[in-house]
1. For the stretch 562-611, which positions are in a loop (DSSP other than H, G, I, E, B) and among the hydrophobic types (A, V, I, L, M, F, W, C)?
2. Residues Thr157, Thr95: which one is modelled with pLDDT under 90 and open to solvent by 10 Å² or more (accessible area, probe 1.4 Å)?
3. Tell me which of these Phe315 doesn't satisfy, since it passes every other one: (1) crowded, with 17+ Cβ neighbours inside 10 Å; (2) over 30 Å from Phe451 (Cα atoms).
4. What residue, of Ile286, Ile279, Ile240, is among the aliphatic types (A, V, I, L, M) and open to solvent by 10 Å² or more (accessible area, probe 1.4 Å)?
5. Might you let me know whether the stretch 295-310 holds any residue that is within 16 Å of Ile279 (Cβ to Cβ) and open to solvent by 10 Å² or more (accessible area, probe 1.4 Å)?
6. Which is of a type in the set (A, V, I, L, M, F, W, C) and in contact with a Leu (Cβ under 6 Å, 6 or more places away or on another chain), of Val558, Val517?
7. Confirm whether Ile133 is modelled with pLDDT of 85 or more, surrounded by 19 or more Cβ atoms within 10 Å (Cβ to Cβ), within 19 Å of Gly230 (Cβ to Cβ) and in contact with a Cys (Cβ under 6 Å, 6 or more places away or on another chain).
8. Has the stretch 314-335 got at least one residue that is in contact (Cβ under 8 Å) with a residue 12 or more places away in the chain and assigned to a strand (DSSP E or B)?
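The values are calculated or read from the model by the stated rules, or taken from the named source; none is laboratory data. In this text the structure is predicted, and so the values were computed from the model without any measurement. Positions of Cβ are backbone-derived with ideal geometry, glycine not excepted, and every protein chain shown enters the neighbour counts. Please note that ligands, DNA and RNA were not included when accessible areas were found on the heavy atoms of the full protein model with its side chains. Shrake-Rupley method; radii C 1.70, N 1.55, O 1.52, S 1.80 Å.
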Amino acid sequence: MKKFFTFCFILIATILITDYSVVAQTAFGCDGQYYVGHSTGFGDPNSGSQELDKLTFPGGIVSTNPVTLSPGSIGFNAMGLNPVDGFIYAIRYPTGGAKGRLIQIGKAPGVNEIDMGEIAALNDNDISYAGCIDRFGEYYFTSGDRLMKIISPITTTAVEVASSGFSSFADITIDPTTGQMYGSTNGSNNWLYTIDKVTGAVSGAPVGGDPLGGFFFAALFFDEAGNLFGYRSGGNFYSIDKSNGSIDQIGSGSAYSNADGCYCSFGRVSHTLAANLCIGLTPFDISIEVTNESPTEDRTGLTYTLAIPGNRFAFTETPAVIAQRLFDALLLPTNNSAQVAISNADAGINNKIVVNNFQVNSNSNANFDLELIVANLGGPYIPIPVQSEISGLPVLIGSTDLSDNPFTSAPDDSTALSFCVTLPVKLVSFSGNYKNKTASLNWVSENQINFSHYVLERSSDGTKFIHIANKQSKNGNSSRAYYQYTDDLSTVNEDVFFYRLKMINVDGSFKYSNVIVIRKSQKSVTGAIVSPNPVQIGTTATARFNADANTTIDLKIVDLTGRVLSNQQTKVFDGFNSVFINNTDKLQPGMYLLMINDRTTIHTTKFIITQ
């Protein structure tokens, strides 16, 4: 499970329910998944249908995976997922002046909403909106301005902890790493408070003031590492700094009505897989970090598997070396090389490793490295996604865990092994100029050993390049070679052109040159730089340049594959300008292009995001 998340939300509607407590159910389990419950409309939660969704998070768009509910017409709220038995518990909306009723929800086919009976400690017609369950299986929920508690095992016998002083908590949640309770309110000050779960006392001031207004946080979630996330009723998802309440939007999805969320991140075993952002042809390490959040349970007899797709990478070390490293990290009970198997998963290279008898001690965090090398050269060096798996875990906490990329916010996502291959050829210079409706391109190279040819490419927007011409290598040795090409632009209407060279080795491996820009007309934006450069990850930057007139410009951030990551428009004035660049704080480490377009010319400059 990643240090991030996969969501779980629940629908809300209300109908009388028969006692189905004799029906056997299958538990959801404490596997770190997030759920949300909600009603299908934005009106009365006692009318319409109730839905339960498990959410995934591909590419910043929250996708729903419906969980079948039967009978599906019972409106409920105050959801919690119990780590002791793996079931979701919730409280029905009261009907006909009665008290709320406790519901147990499982995921077996057929009837899976079990009415456990009326909660006598509730007042008539009180609606419980907020609920959560701690690591010991104790169920907390609100009723008006009261914080209520059901001691494990969960029954209909509730007791009042104390009056919270708030009658408008939208959700409450507990940090699995500290036991601290937090609550989000849905009034005019709809934001985050700390709550003493022993006394019910609420902090005198919110952890953070709500900078957005309007939609409130209908559901709060913690991952196993203690990172806090929130879903707003309008459909956006945020990471929340629990120390100061600052928020950062990380995804968006559908708006929900009468919604609540639940999760279970207690006792999780999770692991991450990290690699260098740029891999060359020399051996390199990938780093695996394994965490067991359970305070008492050692996880033994597990299996660790990493199979790398394709035929590009191979393990370099022997099973004995790897076993020693795992034993030193307390991830193997004995230093036994027979527990480590390296095999040919694809194309006859050693690109699969299986570790048997893998273990993770309770309340521990362990690290180990595996050494890889690029085993096959040639062809385009595209990023290779890799992801390992730990299997053999208890079903209740999820029998398997997929590795997570610790440098991204998406849950359980693979880690890309990206290449920075250096070819022997050295490009000494690459330049060009425009005259008489043609662009004259010139470049000089050295050290063309085992080098094949150049491909000249052109673009009118700096992102989409087309093939223009090929130039074969002139010298197969270290001597200097000169190249020239004239590009006829008489039938091309654009004003600005981008050129680059694709330099291809005899084995098919290649790399790109820097991009040069040629303009038919005079530049209107000059001297552009990004400050600071490099930019530290998670921080902001500005563009500084001179303009020769008052105008409106477009600023784009483009990665080296040509993807546009950010686009903004702003007014500039004749003379020196300093413009804030949007979204640099959201970029991962690497090199990027800033493109400045004043509608007649385009100026580009490189900048780097670094750790």
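1. Going residue by residue through the stretch 562-611, those that are in a loop (DSSP other than H, G, I, E, B) are 562-563, 573-574, 582-583, 587-589, 598-601, 611.
Passing the criteria: Phe573, Leu587.
2. Details: Thr157 fails: modelled with pLDDT under 90.
Being modelled with pLDDT under 90 and open to solvent by 10 Å² or more (accessible area, probe 1.4 Å) holds for just one of Thr157, Thr95, which is Thr95.
3. Tallying (1) crowded, with 17+ Cβ neighbours inside 10 Å; (2) over 30 Å from Phe451 (Cα atoms), Phe315 fails exactly one: (2).
4. Numbers: Ile286 fails: open to solvent by 10 Å² or more (accessible area, probe 1.4 Å); Ile279 fails: open to solvent by 10 Å² or more (accessible area, probe 1.4 Å).
Result: Ile240 is the single residue among Ile286, Ile279, Ile240 that is among the aliphatic types (A, V, I, L, M) and open to solvent by 10 Å² or more (accessible area, probe 1.4 Å).
5. Within the stretch 295-310 (the criterion being within 16 Å of Ile279 (Cβ to Cβ) and open to solvent by 10 Å² or more (accessible area, probe 1.4 Å)), the answer is yes, since at least one residue qualifies.
6. Working: Val517 fails: in contact with a Leu (Cβ under 6 Å, 6 or more places away or on another chain).
The unique qualifying residue is Val558.
7. Values: modelled with pLDDT of 85 or more: yes; surrounded by 19 or more Cβ atoms within 10 Å (Cβ to Cβ): yes; within 19 Å of Gly230 (Cβ to Cβ): yes; in contact with a Cys (Cβ under 6 Å, 6 or more places away or on another chain): no.
No; evaluated as a whole, the condition is false for this residue.
8. yes
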